[in-house]
Amino acid sequence: MKRLIFTCIMLSGFLLGSVNAQNINNNNKKTEAMKFELPKLPYATNALEPVIGQQTIELHYGKHLQTYITNLNNLIQGTKFESSDLETIVKESDGAIFNNAGQTLNHNIYFLSFSPNGGGAPKGKLADAINAEWGSFENFKKEFQTAGTAVFGSGWVWLAKDNAGKLQITKEPNAGNPITKGLTPLLGFDVWEHAYYLDYQNRRADHLAELWKIIDWNAVEARY
Ligand code: MN
C-alpha cells in the first residue's frame, strides 16, 4: 500500500511536471511580434555641435526616427513580417512597410556612425579598399559629396561593399538602402532636408562637407 501511494505521488508529480514543461515550451514556441526600439545614442544630443545642432538631433532622432519605428511596429502587426528581423523586412517588403523599415535601418546606421571624437581618416582594410577604388581618401570624399548633392529631392548617399569587399557609392531615393541590391551598407549620409535644414538651410553640399568631422571610422570599419 505504502508503495502504491508513493507510486501515485511520484506519477502525479511527473505528470504535473510534464504539463508545466509543456506550457513553458508552448510559450517559447509562440511567435512574439518583433518590437523595434529606438537605438541608444552613444553621445549627448548636443555633442555633435556645431556640425549637427542639438535641436536637429532632438527632432531627427527623437521625433523622425521614433515615428518611423512606431509606424513600422504598427504596420507589421498581423503580417508575414511580424517576427522578421529588420534587414529581412527591408529586403522583402514594399509600400509603407518598406518605407518605414528602410528609414528605421537607414537611421540606425546613420546615428551610430557619429562621434564627437570622430573625424580623421579610415584605417586598415577599409582604407586600402577606398584607395583601391578612388585613389585617395580625399578623392573618395569628393565623389561621395558630389553623389549626395546630386540626389534629387529626399534620399541617401551610401558607401557600400559587395560580397568580395569591393566598394561603391550608391545614390538612393527616399528610404532606399543598398541592402536591396545585395550590398552591405557601411556609411550613409541622409540628404532629406530634415537632416540639415535647421543648421544649414538650403546648403546641402556644405552640410555634407562638414559631416566628415564627426564620422566614427571605428564604427564604419566594423561594418566592413
Ligand atoms: Mn532622416
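The values are calculated or read from the model by the stated rules, or taken from the named source; none is laboratory data. None of the values given here were measured: they were computed from a predicted structure. Reconstructed Cβ throughout: ideal geometry from the backbone, glycine too, with neighbour counts over all protein chains shown. Just the protein is used for accessible areas: all its heavy atoms, side chains included, with ligands, DNA and RNA removed. Shrake-Rupley method; radii C 1.70, N 1.55, O 1.52, S 1.80 Å.
Taking first residues from the range 174-198 that are within 16 Å of Ser93 (Cβ to Cβ) and partners that are more than 10 Å from the ligand (Cβ to nearest atom) and among the basic types (Lys, Arg), the Cβ contacts under 7 Å between residues at least 6 apart in sequence or on separate chains come to Ile179/Lys91; Thr180/Lys91. Applying the criterion of at least 3 residues that are more than 20 Å from Asn218 (Cα to Cα) and open to solvent by less than 40 Å² (accessible area, probe 1.4 Å) to the helices (runs of 4 or more DSSP H) found wholly in the range 84-148 leaves 86-92, 95-111.
Would you confirm, using the coordinates I've provided, whether Glu172 is more than 16 Å from the ligand (Cβ to nearest atom) and outside any loop (DSSP other than H, G, I, E, B)?
Numbers: more than 16 Å from the ligand (Cβ to nearest atom): no; outside any loop (DSSP other than H, G, I, E, B): yes.
When the stated conditions are applied, Glu172 does not pass them.
Here is a yes/no grid of residues against (1) within 19 Å of Glu210 (Cβ to Cβ); (2) in contact with a strand residue (DSSP E or B) (Cβ under 6 Å, 6 or more places away or on another chain):
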position	(1), (2)
Val90	no, no
Gly95	no, no
Ala101	no, no
Ala129	no, yes
Thr149	yes, no
Phe152	no, no
Trp158	yes, yes
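Which residues, taken from the range 43-74, are assigned to a loop (DSSP other than H, G, I, E, B), open to solvent by 60 Å² or more (accessible area, probe 1.4 Å) and either within 26 Å of Asp85 (Cα to Cα) or hydroxyl-bearing (Ser, Thr, Tyr) (or both)? Give the derivation first.
So the first thing to find is which residues in the range 43-74 are assigned to a loop (DSSP other than H, G, I, E, B), and the list is 43-53.
Subset that is open to solvent by 60 Å² or more (accessible area, probe 1.4 Å): 46, 49-50.
Within the range 43-74, none qualify.
Taken over the range 175-209, the criterion of being in a helix (DSSP H, G or I) and within 16 Å of the ligand (Cβ to nearest atom) is satisfied by Glu193, His194, Ala195, Tyr197, Leu198, Asp199, Tyr200, Arg204, His207, Leu208.
When Ile169 is tested against (1) in contact with a strand residue (DSSP E or B) (Cβ under 7 Å, 6 or more places away or on another chain); (2) within 22 Å of Ile97 (Cα to Cα); (3) open to solvent by less than 50 Å² (accessible area, probe 1.4 Å), just one condition goes unmet, and that condition is (2).
Within the range 152-175, the residues that satisfy the criterion of being under 14 Å from Tyr224 (Cα atoms) and within 15 Å of the chain's Cα centre (by Cα) are Trp158, Leu159, Ala160.
Which residues, taken from the range 66-77, are within 14 Å of the ligand (Cβ to nearest atom) and farther than 15 Å from Val90 by Cβ? Within the range 66-77, Gln66, Thr67 meet the criteria.
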